Every structure is written in C-alpha cells, then in structure tokens.
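Before any comments, here is the structure.
The values are calculated or read from the model by the stated rules, or taken from the named source; none is laboratory data. The structure displayed is predicted, hence computed values, not measured ones. Ideal geometry is used to build each Cβ from the backbone, glycine not excepted, and the neighbour counts take in all protein chains shown.
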Amino acid sequence: MKAERLGLRPGDAVIYAVLVLLCAALFLLPLLQKGNESLTAVITLNGEAVETVDLSALREEETRTVHGCEIVLTNTGVRVAAADCPDRLCVKTGEITRAGEAIACVPNRVVVTLRRADRKEPYDGVAW
Amino acid sequence: MKKMNPAQKAALLGVFGALALALSFLENTLLPAVPLLPPGAKLGLSNLVTVVCGALFGPPAAFCIAVLKALFAFVTRGVTAGLMSLAGGLLSAAALSLLLKSIGKTVSYLGLGVLCAAAHNLGQLLMSVCLTGSPALLSYGKYLLLFALFTGTLTGLMLCVLVPRLQKSGRFSSIKIGQPEEQNQ
C-alpha cells in the first residue's frame, strides 16, 4: 500500500522514532550492568517482602508456596511452576535469570523479583 | 445526512460496544494458543473498536467503549482483569483525545494506532504495579512496548483503511457523541 493512500504524515515518523528509541534504550540499558552476579530472589505479597532467598546459596531447587503460587527457586533463577489464578501468566513468563527481572501474578498480588545479592538490601532479614 | 437523535446514538454506541466485547472474547480465546508471545500480550482488536469509535464520534464515545469493555472483563474474568482493562482503555482513549485534532495534519491514523497501543499497554503496566505494589514490574515494560509497536502498526493500518471509508459512507459523518447539538430534529 502506498504512503499517500494511507495518508501518512511526518508526525507518524516522530511517534515511531520516540517509541523505537525508548524501546531500544529499555532493552539495552540492562545489558550495561552485567557480570557474574549472584542473585537474590525477593518474594512479595501485596507489595510487602514475604521472603528473601539467596540463590547462590541453594544446593538444590527449593519450592515456596505463596498465596496460591508455587515458586521454584534454583541456583540460576526463579520460575512459577503452578498457580491457582485464572490466566496463569506468571507460569507462562517462564524462568527469570537476571537481576531486575520480575514475575508477577497480578490476581494473587504475588511478585518475585531478582536482585543483585551484593546490593544493599532494603529488607534486611526476613519479615514473615 | 440527517442528524441522529440521542436514542439512535445510544443504539449505535451499543452496537460498537457489542463489537468490542465480541472481539475481546475472540482474542482471549485465540491468543493463549499462540506460542512465543509475551505473557499478557493481546492483539488489541477490541481496543481497535475504542479508537474507531473515538475517531468517528469523538473522544467521549471512546471513553464509553473503554468503560463498557472494562465492565465486561470485570463480569466475565474478575476484578483484576476489569481493572487492567479499565486502565488500558482509559489511557488509550486519552491518547486518542490528544491526537484526534491533529489527524490528517501532522499525524495519520497509523501514528494514532501505535500511540494508542503503547498507551494501552502502559496503562495496564501501571495498573499491575498498583495492584501488586511492586515497581519491579516496570522492567517488564520493554516487552510490552516492543509488542505494542507491532500490534499498534497492525491496528493503525486497519484504522487507515477503515476510518476514512466509514466516514465517506456518510452514515457517521455528522454524529458527534457527547457534544452539544446545534439543533435537534
């Protein structure tokens, strides 16, 4: 289809340029800070940290069940193996392995976030 | 083209609302079958109806459709889905309101489609952050934005084809919903 038949205008290019640049920046920025990081998984329920697990200290995979979400922690990452929510988007997200990534089960208000273990933890210790 | 009375406008909005609900049901049925999509991603077919309505009848109509869709999601899929749909729909309608006056001058329906898709996803992302109380979810925004670029281009192209034809058909050209009538009947 020809551009004039679609009625394209310069503003379209501006919108695309801004969105593409923003998207590229969001993808590229996390790559700058990589390295052999040891990870900490933070499990939150309703925005409050329920449990913090140092993944590098794990010998074998461990499972935690928080509000209907079965969270599997391994040495290299975290995934949600099962959940009782309707859409199971958290399960479909798969495994996350990088600091800054997160898995969310919005209906259950459960979020698992990966952090760099060396960073100073806002939640020191565990609040049950 | 004769003026429409309020009842006719309400009926017409109802028809478009039903179309939005049907498409929303369709994409919820189809999409889980497609692999490799980021979780939560949708084609934005039902949001397309919101934007078409806004383009034909003015921004208030777009907000009406957005709220109707959210109510449908609330009834059929629960509170979370309803709130997510509401946030996405309202932000998309807001983006439409911003750009509508510039259509045909500085932007076309393609740019409108992309911006509305991005706004829709941003709304849903912000709502999921509010619901879970976890700003860490913002890191997920990049996938949603990337996906919005594709689906927005798709819906934008559909708008480019659809809206001028619907307007040319003469059926909808004189209707502005939510705006005072110069004269009725």
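Hey, any hits in the stretch A:39-46 for a residue that's within 12 Å of another protein chain (Cβ to nearest Cβ), under 28 Å from B:R77 (Cβ atoms), buried (at least 20 other Cβ atoms within 10 Å of the Cβ) and modelled with pLDDT of 85 or more?
The answer is yes; a qualifying residue exists.
Please pick out the residue among B:A70, B:A81 that is away from chain A (no Cβ under 14 Å), among the small types (G, A, S), part of a helix (DSSP H, G or I) and free of Cβ contacts under 8 Å to residues at least 40 places away in the same chain.
B:A70
Taking A:C69, is it at the interface with another protein chain (Cβ under 9 Å from one of its Cβ atoms) and either modelled with pLDDT under 85 or under 21 Å from B:Y140 (Cα atoms) (or both)?
So A:C69 fails the test.
Pick out the one residue from B:L91, B:L86 that is within 14 Å of chain A (Cβ to nearest Cβ) and part of a helix (DSSP H, G or I).
B:L86
With the condition kept exactly as written, say whether any residue in the stretch B:22-35 is touching a Phe, Trp or Tyr at 6+ places or on another chain (Cβ under 9 Å), closer than 23 Å to B:L137 by Cα and modelled with pLDDT under 90.
There is no residue in the stretch B:22-35 that is touching a Phe, Trp or Tyr at 6+ places or on another chain (Cβ under 9 Å), closer than 23 Å to B:L137 by Cα and modelled with pLDDT under 90.
Just one of the numbered conditions (1) within 28 Å of B:L145 (Cβ to Cβ); (2) assigned to a loop (DSSP other than H, G, I, E, B) is not true of A:V20; which one?
Going through (1) within 28 Å of B:L145 (Cβ to Cβ); (2) assigned to a loop (DSSP other than H, G, I, E, B) one by one, A:V20 breaks only (2).
Are any residues in the stretch B:69-83 basic (K, R) and farther than 18 Å from B:G14 by Cβ, and if so, which ones?
Listed by number, the list holds a single entry, B:R77.
Considering only the stretch B:113-149, state which residues are polar (S, T, N, Q), at the interface with chain A (Cβ under 9 Å from one of its Cβ atoms) and part of a helix (DSSP H, G or I).
B:S128, B:T132, B:S139
All but one of (1) touching a residue at least 12 places away in the same chain (Cβ under 8 Å); (2) touching a Leu at 6+ places or on another chain (Cβ under 7 Å) hold for A:L8; state the number of the condition that does not hold.
(1)
Taking the condition at pLDDT below 95, outside the structural domain of A:G100 (by TED's automatic domain parsing) and surrounded by 12 or more Cβ atoms within 10 Å (Cβ to Cβ), does A:G11 pass?
Yes; evaluated as a whole, the condition is true for this residue.
Listed here are the residues, each with its yes/no results for (1) at pLDDT 90 or above; (2) under 25 Å from A:F27 (Cα atoms); (3) of a type outside the set (V, I, T); (4) buried (at least 19 other Cβ atoms within 10 Å of the Cβ).
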residue: A:E51; (1), (2), (3), (4): yes, no, yes, no
residue: A:R59; (1), (2), (3), (4): no, no, yes, no
residue: A:T63; (1), (2), (3), (4): yes, no, no, no
residue: A:T76; (1), (2), (3), (4): no, yes, no, no
residue: A:C85; (1), (2), (3), (4): no, no, yes, yes
residue: A:T93; (1), (2), (3), (4): no, yes, no, yes
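Return a yes/no flag: does the stretch B:111-118 have any residue that is out of contact with any His (no Cβ under 8 Å at 6 or more places or on another chain) and modelled with pLDDT under 90.
no
If you go through the stretch A:79-99 one residue at a time, do you hit one that is in a loop (DSSP other than H, G, I, E, B), within 12 Å of chain B (Cβ to nearest Cβ), in contact (Cβ under 8 Å) with a residue 40 or more places away in the chain and closer than 30 Å to B:F150 by Cβ?
yes
With (1) surrounded by fewer than 17 Cβ atoms within 10 Å (Cβ to Cβ); (2) in contact (Cβ under 8 Å) with a residue 40 or more places away in the chain; (3) of a type in the set (S, T, Y) as the list, and B:Y143 as the residue in question, which single condition is left unmet?
The number of the failed condition is (1).
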